[in-house]
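Written out below as structure tokens is the structure these notes cover.
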Amino acid sequence: SDKDSDEDYDEEPKKQKTVIKEETTKQPSDLNDDDNKGVNSEGEPYFKLSAKRRITLRKWKGVPMIDIREYYGNGNDIKPGKKGISLSLDQYQKLRELIPEIDAAIKDI
């Protein structure tokens, strides 16, 4: 029986309550870049899903995580909310493998 190690990642790090400020300076080479990605003040790359949701790549206790979370605030004062999930690399890979099945199931809804 395959046991998932979800219990290791269910708790959010307490650090989530800190203010994450977006980098607002763009280099000339970034002018053609998509505004849907960036790097936060912690040096972590992120990808915007919508105005208030993003995927952030970070390490928690030395473990790489894919953090999908809602954010709140305005302008450069954006803060992570409690609603979200952090996936380990194994969980992220499993999600990627399931995408075709998920896409097929969505068509049946």
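The values are calculated or read from the model by the stated rules, or taken from the named source; none is laboratory data. Since this is a predicted model, take the numbers as computed values, not measurements. Backbone-built Cβ (ideal geometry, glycine too); neighbour counts: all protein chains shown. The accessibility values were calculated without ligands, DNA or RNA, using every heavy atom of the protein model including side chains. Shrake-Rupley method; radii C 1.70, N 1.55, O 1.52, S 1.80 Å.
Whole-Hz Karplus values for the stretch 40-56 come out as 7, 5, 8, x, 8, x, 9, 10, 7, 8, 7, 4, 10, 10, 8, 10, 10 Hz, taken residue by residue from phi with 6.51 cos²θ - 1.76 cosθ + 1.60 and θ = phi - 60°; glycine and proline positions read x.
Taking each residue as 0.36 nm, the span from LYS94 to ARG53 lengthens on full extension beyond its C-alpha to C-alpha distance by 12.6 nm.
Using a probe radius of 1.4 angstrom, the carbon and sulfur fraction of the accessible surface of the stretch 37-107 is 57%. Solvent-accessible area per residue in the stretch 37-107 equals 67 Å², computed with a 1.4 angstrom probe and all protein chains kept.
Distance between the 7 Å Cα→Cβ label points at VAL39 and LYS61: 2.8 nm.
Projecting the Cα atoms of TRP60, LEU87, LEU98 onto the charge dipole of the stretch 40-109, computed from C-beta unit charges around the Cα centre, puts TRP60 farthest toward the positive end. Between ALA104 and ASP77, the modelled labels are 5.0 nm apart [label points 7 Å from Cα along Cα→Cβ]. Under a model in which nothing but the beta-carbon of Lys, Arg (+1) and Asp, Glu (-1) is charged, the stretch 37-107 shows a dipole of about 200 debye around its Cα centre.
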